[in-house]
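For reference, the structure discussed in these notes is given below.
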Amino acid sequence: MNQTGASVATLTKAPAKTAFPKAAVEKALIEGLVDAIAAEAAIRGYVVPPTPAALVKAAVHVDSLLTVDIVCTVEPIIGMKLPQHVVKTGGYASIEAAIAHVLPRIERQWNKKHGVEP
């Protein structure tokens, strides 16, 4: 109550919801997959496009186990563990296809944990 005898309501802000860090997750996925595919190509002796942008679009097999490993690297960015089923069994035909499949699934898991409606 204040000095006049009327009660004073305390206004509090609802906690702000954090947005899914899509750009940071996408960047980490792309960098991780590009580095891994380029390293594998160097070891096995096959040629891949010389720039990351070209490699992302190139027809290269992206193994599902490799993709799971790279997905684990984004867990610190989003602050949660991800289930392996965000990655498709059998892999992908390109880095671009892997990102297109995995990124929305990671975002759905994040939204579910944070109570964000689709």
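All of the numbers you see were taken from the coordinates with simple rules; none came from a lab. The structure presented is a predicted model; accordingly, all values stated were derived computationally and were not measured. No Cβ is skipped: glycine too gets one built from the backbone with ideal geometry, and neighbour counts run over all protein chains shown.
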Could you pull out every one of the aspartates and glutamates with an alpha carbon less than 18 Å from that of Lys81, ignoring same-chain neighbours closer than 8 positions? Glu26, Asp69, Glu107
Counting only backbone N atoms under 13 Å from a point 7 Å out along Cα-to-Cβ of Ala58, the residues of the range 67-100 in range are 94-96
